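In what follows, a single structure is set out as structure tokens and then discussed.
The values are calculated or read from the model by the stated rules, or taken from the named source; none is laboratory data. All values derive from a computational prediction rather than experimental measurement. In this analysis, Cβ positions are derived from the backbone assuming ideal geometry, glycine residues included, and neighbour counts consider all displayed protein chains. When the accessible area is computed, the model is the full protein with side chains, heavy atoms only, and any ligands, DNA or RNA have been set aside. Shrake-Rupley method; radii C 1.70, N 1.55, O 1.52, S 1.80 Å.
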Amino acid sequence: MAPEIHMSDPVCLIENFNEHLKVNEEALEILSAITQPVVVVAIVGLYRTGKSYLLNKLSGKNKGFSVASTVQSHTKGIWIWCVPHPNRPNHTLVLLDTEGLGDVEKADNKNDIQIFALALLLSSTFVYNTMHKIDQGAIDLLHNVTELTDLLKARTSLDLDGVEDAADSESFFPDLVWTLRDFCLGLEIDGQLITADAYLENSLRPKQGSDQRVQNFNLPRLCIQKFFPKKKCFIFDLPAHQKKLAQLETLPDDELEPEFVQQVAEFCSYIFSHSMTKTLPGGIKVNGSRLKNLVLTYVNGISSGDLPCIENTVLALAQIENSAAVQKAVAHYDQQMGQKVQLPTETLQELLDLHKDSEREAIEVFIKNSFKDVDQSFQKELETLLDAKRNDICKQNSEASSDRCSALLKDIFGPLEEAVKQGIYSKPGGHNLFIQKMEELKTKYYQEPRKGIQAEEVLQNYLKSKKSVSDAILQADQALTEKEKKMKEEQVKAEAARANARRLEEIQKQNQHMMQKRERVHQEQVRQMERDKQNWLAKLKRTQEQRMQEQAAQLRATFEAENRRLHHELQYVQRNANNDDPCVLL
């Protein structure tokens, strides 16, 4: 669904400063936002004839377009008011209020013709607002369109008597609604009442004859008949008393003439129900964006002094529309890729598949918004741009992958590089440890997701760049290993010597221990022998003492026996002595 239109007041579409036309960017932005088909109603006429009042009624409001009550022209340039169409859903009613024609303050009527031409070219319903009646002056003013004949030709010259380009003309030129303000005449011819439409047709009917005077009379009428196959006429009574006209836009309906109120209602009803969507030759419906491009095309053409013909206008519009469609398609592609793609992709095919989907959607967007791309030149241009986009994003993907992988390598291998700088691997066997650590870190690198298509190449380049480091570690490893080998050999020899010394020392200790043990045994033996000797001596002593005691006992016994014997002998002697027997003494 198209967005709702929010224009609380009209804005200037085409500025007219010092009779120089300039497009207002604010109004163009408003038109660009309208995606709905547009019904364009433009009103043209002399200044101070109440044009703005009718457009305000079409807008559904009493105030909007400037309504003045002085003799000075009030509206300058062309003003625009976009409102939702009251009768056609999803359509926008575009109202164009033009600067009044015939301003006496202008140097000439060239600027009037430009305003007139723009209103004619941009509208689907062209309201020609005049005063009182249809007279030759009003017809001659409308005849100004004949001065555009060469500029508005369609493919070939516009033959007033031919029908070659009738289809293109009818599809391009707007319907004519002639409004007669403050009408005070009776609608009758030859005593017969007629309608306002019959009055218009009768006023535009050419005369019979071929003289110059008749041709001059017929030329503007034939032009009007040709340019406006569909015509309608409305008459309006005086709205209110002359004194109240200055406050016309603020007067409620009950203070206006009833006939005038009814006439305005009929006019609005007709415009709402009969005004067609603005259409270009070929049945091309115009939306806000296309109307904006038409405005730019025509104003630029007028500023350069040459309006393009209808065919060239369509081509110019096609150029603008298709260029815009290409940009919109490219923008859609960029948006989709921006949403879908996270660089780097794991594989190139993943990226190409996303590109293919976005490319297909972009082409669909272009086809939806394209305009008469007959030879598909703009679609080919789009495809070329999308190919360039694909190549660029593939390059970005490769760079993103390289950046991602380089960052990963720095993060993963950074501690290893720092360890190398600190000389941790500058030792025997360090190269094997270095290679083992490298393999562990490579495995960790491979496990990291979304490295992209440069993962292996960046890794291999990194490993190549570190080959000199690996070689240096290997050389250091080999040198240190050889040195360590010699040191170990010397250590083995020293250890062997120390072992021999320890063995000799141990043998010495053992011998000493044995000597000590033998000495202890000998001492013990000596002590035992001494103890045995002592025991023997003691025993011998005891034996000797015992023998001596026995001998002593024997001696004592012998002594006692001898003593007793001697005692007996003595006694015997004594007894004998007493007997004086000498023999006894012997």
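Couple of notes before you dig in:
- Fully extending the segment from Lys61 to Asn87, taken as 0.36 nm per residue of separation minus the present Cα-Cα distance, adds 7.7 nm.
- Stokes-Einstein D for segment 271-425, Kirkwood Rh over Cα pairs, 20 °C, 1.002 mPa s (µm²/s): 111
- Protection proxy ranking, highest mean first, for peptides 562-574, 112-124: 112-124, 562-574, where packing is the per-residue count of other beta-carbon atoms within 10 Å, averaged.
- Length available on full extension from Lys207 to Asp135: 0.36 nm per residue minus the Cα-Cα distance, which gives 24.4 nm.
- For the set Phe17, Phe366, the ranking by accessible area, highest first and with no ligand, DNA or RNA atoms included, is Phe17, Phe366 under a 1.4 Å probe.
- Between the beta carbons of Glu29 and Gln262, assuming R0 = 45 Å, the FRET efficiency works out to 0.70 to the nearest 0.05.
- When each of Lys22/Lys63; Lys230/Lys368; Lys76/Lys133; Lys292/Lys395 is checked by Cα-Cα distance, pairs over 29 Å: Lys230/Lys368; Lys292/Lys395
- What the Cα atoms of the chain give is an Rg and a Dmax of 66.9, 254 Å.
- Rounded tilt (10° steps) of 377-421 against the dominant C-alpha axis of the chain: 20
- The label-point distance for Leu441 and Arg360, in a model that sets each label 7 Å from Cα toward Cβ, rounds to 4.5 nm.
- Note on Glu519 and Lys410: with the Förster distance fixed at 56 Å, the Cβ-Cβ geometry gives a FRET efficiency of about 0.10.
- Helix 467-577 axis versus longest C-alpha principal axis of the chain: approximately 20°, rounded to the nearest ten.
- Summary of packing: across the peptides 268-278, 535-545, the per-residue average of other C-beta atoms within 10 Å ranks them, highest first, as 268-278, 535-545.
- Contact order for the chain, expressed relative to its length and based on alpha carbon pairs under 8 Å spaced 6+ residues apart, stands at 11 percent.
- Helix-only mean residue ellipticity at 222 nm for the chain, each DSSP H run of n ≥ 4 adding -39500 (n - 2.57), per residue, nearest 500: -20500 deg cm²/dmol
- Inter-label distance, nm, simple model (7 Å from Cα along the C-beta direction), Leu504/Glu484: 3.3
- Distance from segment 323-339 to segment 496-563 (C-alpha centre basis), Å: 125
- Viscosity 0.890 mPa s, temperature 25 °C, Stokes-Einstein D of segment 308-378 from Kirkwood C-alpha radius, µm²/s: 183
- Kirkwood hydrodynamic radius of segment 450-510, from the reciprocal of the average inverse Cα-Cα distance over all distinct pairs: 15.8 Å.
- DSSP bridge orientation in the chain - percent antiparallel, rounded to nearest 5: 45
- FRET E, pair Gln327, Gln460, Förster distance 35 Å, beta-carbon r, rounded to 0.05: 0.25
- When the surface is traced with a 1.4 Å probe over the full set of protein chains, Glu505 keeps roughly 90 Å² accessible.
- Taking all protein chains as shown and a probe of 1.4 angstrom, Glu484 keeps an accessible surface of around 70 Å².
- Among Ile34, Ile453, the sequence by solvent-accessible area, most first, with a 1.4 Å probe is Ile453, Ile34.
- Taking 0.36 nm per residue of separation and subtracting the current Cα-Cα distance, fully stretching the chain between Asn511 and Thr543 would add 7.1 nm.
- Shape of segment 366-496, Cα gyration tensor, a/c cut at 1.5: prolate
- Taking label positions 7 Å along the Cα-Cβ direction at both Asp190 and Leu566, the computed distance is 23.3 nm, reported to one decimal.
- Packing around the peptides 279-292, 382-395, taken as the average count of other Cβ atoms within 10 Å per residue, puts them in this order, highest first: 279-292, 382-395.
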